[in-house]
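Below: the structure, in structure tokens.
The values are calculated or read from the model by the stated rules, or taken from the named source; none is laboratory data. Keep in mind that this is a model prediction, so the values were computed, not measured. Please note: Cβ atoms are built from the backbone with ideal geometry, for glycine as well, and neighbour counts cover all protein chains shown.
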Amino acid sequence: MNGIQRKTALRSEGGYRYLNWVTGIFVTCLIVSNIIVVKIVGLGPMTLSGAIVIFPISYIFGDILTEVYGYARSRQVIWIGFACNLLAVLAIQTAAMLPAADFWDGQAAYDRILGYAPRFLVASLIAYLLGEFVNSFILAKLKIMTRGKWLWSRTISSTLFGQIVDTAVFSLVAFVGTLTLFEMVSISFWEWLIKCSYEIIATPVTYAVVNYLKRTEHEDYYDYDTDFNPLKVSTQ
């Protein structure tokens, strides 16, 4: 098949040397993003959240997961990230509700920084799931269409669309009724532009990591027979 190895089943997780590392970095990016998102950053005309520091990296590693290990494995990691994110949020909120010691005066600061408004929490979780699945789906399909060539076209295209969905859904759920349409569009546009620029600038790094993993893992998965149902957690 012109050098393309068609695969019909994923390896067992124990067969990969670096999958756990990639998964760990991906999940860490998500959790840290949810913590630092409360910092509002002003860069000239741009108003951004602190999550811009690390959240785009999750898309880079999402690309790496799908490109090397396939959509089914990426889908499983996306759900792992969702579960870990939810667990972190529940732990932070539970700690906030516990009574503070008499000598501790940091409750207000804790609530201000780590307290999640339910609306923002729902917006973040929904946007993450939809954006990541769009990103992974597009990359997997483009890999087949391009016969594994032009990696840059897959990583950038999938990120452009995935980030559109992520940013638009978050802004809609989090801000509708509280911000004007112009303000929502402005915030969304700058967030999307910076995140996508992040991906483009990091393309050489993505190439290096993908090529290294393909060599060391002896894996370059093509999703010919994959069930793309996003609700399915199993890799089989």
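With the condition kept exactly as written, say whether any residue in the stretch 108-116 is within 24 Å of V22 (Cα to Cα) and touching a helix residue (DSSP H, G or I) at 6+ places or on another chain (Cβ under 9 Å).
To start, the set of residues in the stretch 108-116 that are within 24 Å of V22 (Cα to Cα) comprises none.
No, because not a single residue in the stretch 108-116 is within 24 Å of V22 (Cα to Cα) and touching a helix residue (DSSP H, G or I) at 6+ places or on another chain (Cβ under 9 Å).
Look through the stretch 131-187, keep the residues that are small (G, A, S), over 19 Å from F120 (Cβ atoms) and touching a residue at least 40 places away in the same chain (Cβ under 8 Å), and return whichever of them is surrounded by the fewest Cβ atoms within 10 Å (Cβ to Cβ).
Looking only at the stretch 131-187, we keep the residues that are small (G, A, S), and these are 131, 136, 140, 148, 153, 157-158, 162, 168, 171, 174, 177, 186.
From the residues that got through so far, the ones that are over 19 Å from F120 (Cβ atoms) too are 136, 140, 148, 153, 157-158, 162.
From what's left, touching a residue at least 40 places away in the same chain (Cβ under 8 Å): 136, 140, 148, 158, 162.
Working: S136: 29, A140: 25, G148: 16, S158: 26, G162: 26.
Only one residue fits best here, namely G148.
If you take the residues of the stretch 10-48 that are modelled with pLDDT of 85 or more and not in a helix (DSSP H, G or I), which of them is surrounded by the fewest Cβ atoms within 10 Å (Cβ to Cβ)?
If we take residues in the stretch 10-48 being modelled with pLDDT of 85 or more and not in a helix (DSSP H, G or I), then R17 is surrounded by the fewest Cβ atoms within 10 Å (Cβ to Cβ).
Go through L19, L30 for me and flag whichever is in contact with a Ser or Thr (Cβ under 7 Å, 6 or more places away or on another chain) and within 20 Å of I78 (Cα to Cα). Steps first, answer last, please.
Numbers: L19 fails: in contact with a Ser or Thr (Cβ under 7 Å, 6 or more places away or on another chain).
Testing whether each residue is in contact with a Ser or Thr (Cβ under 7 Å, 6 or more places away or on another chain) and within 20 Å of I78 (Cα to Cα) leaves just L30.
Considering only residues that are under 16 Å from the mean Cα position of the chain (by Cα) and either under 16 Å from A51 (Cβ atoms) or outside any helix (DSSP H, G or I) (or both), which ones fall in the stretch 130-162?
G131, E132, T159, G162
Pick from R119, R75: which is within 30 Å of K149 (Cβ to Cβ) and among the charged types (D, E, K, R)?
Numbers: R119 fails: within 30 Å of K149 (Cβ to Cβ).
R75 is the lone residue from the list that is within 30 Å of K149 (Cβ to Cβ) and among the charged types (D, E, K, R).
Which pairs have Cβ atoms under 6 Å, sit 6 or more apart or on different chains, and link a residue in the stretch 95-112 that is in a loop (DSSP other than H, G, I, E, B) to one that is among the basic types (K, R)?
Here the result reads none, with nothing in the stretch 95-112 linked to a residue that is among the basic types (K, R).
Would you say L213 is under 18 Å from the mean Cα position of the chain (by Cα), at pLDDT 85 or above and within 23 Å of F137 (Cα to Cα)? Show your work before the answer.
Working: under 18 Å from the mean Cα position of the chain (by Cα): no; at pLDDT 85 or above: yes; within 23 Å of F137 (Cα to Cα): yes.
Against the criterion (under 18 Å from the mean Cα position of the chain (by Cα), at pLDDT 85 or above and within 23 Å of F137 (Cα to Cα)), L213 does not qualify.
Being touching a helix residue (DSSP H, G or I) at 6+ places or on another chain (Cβ under 6 Å), farther than 19 Å from D220 by Cβ and among the acidic types (D, E), is that true of even one residue in the stretch 98-106?
No, the conditions are met nowhere in the stretch 98-106.
Of all residues being more than 29 Å from L43 (Cα to Cα) and without any contact (Cβ under 8 Å) to a residue 12 or more places away in the chain in the stretch 188-236, which is surrounded by the fewest Cβ atoms within 10 Å (Cβ to Cβ)? Just the residue, please.
Going through the stretch 188-236, the residues more than 29 Å from L43 (Cα to Cα) turn out to be 207-236.
After this cut, where a residue has to be without any contact (Cβ under 8 Å) to a residue 12 or more places away in the chain as well, the list is 208, 211-212, 215, 218, 229, 231.
Numbers: A208: 10, N211: 13, Y212: 12, R215: 10, H218: 12, N229: 9, L231: 7.
This residue is L231.
If we keep just the residues of the stretch 60-77 that are closer than 12 Å to K232 by Cα and hydroxyl-bearing (S, T, Y), which is surrounded by the fewest Cβ atoms within 10 Å (Cβ to Cβ)?
If we filter the stretch 60-77 for residues that are closer than 12 Å to K232 by Cα, which is where we start, we get 71-77.
Subsequent filtering for residues that are hydroxyl-bearing (S, T, Y) retains 71, 74.
Values: Y71: 26, S74: 31.
Here the answer is Y71.
When L86 is evaluated against the numbered criteria (1) in contact with a Phe, Trp or Tyr (Cβ under 9 Å, 6 or more places away or on another chain); (2) modelled with pLDDT under 95, which criterion, by number, is the only one it fails?
(1)
Looking at the stretch 56-77, is at least one residue among the aliphatic types (A, V, I, L, M) and not in a helix (DSSP H, G or I)?
First, pick out the residues of the stretch 56-77 that are among the aliphatic types (A, V, I, L, M): 57, 60, 64-65, 68, 72, 77.
Next cut, not in a helix (DSSP H, G or I) only: none.
Among the residues of the stretch 56-77, not one is among the aliphatic types (A, V, I, L, M) and not in a helix (DSSP H, G or I), which makes the answer no.
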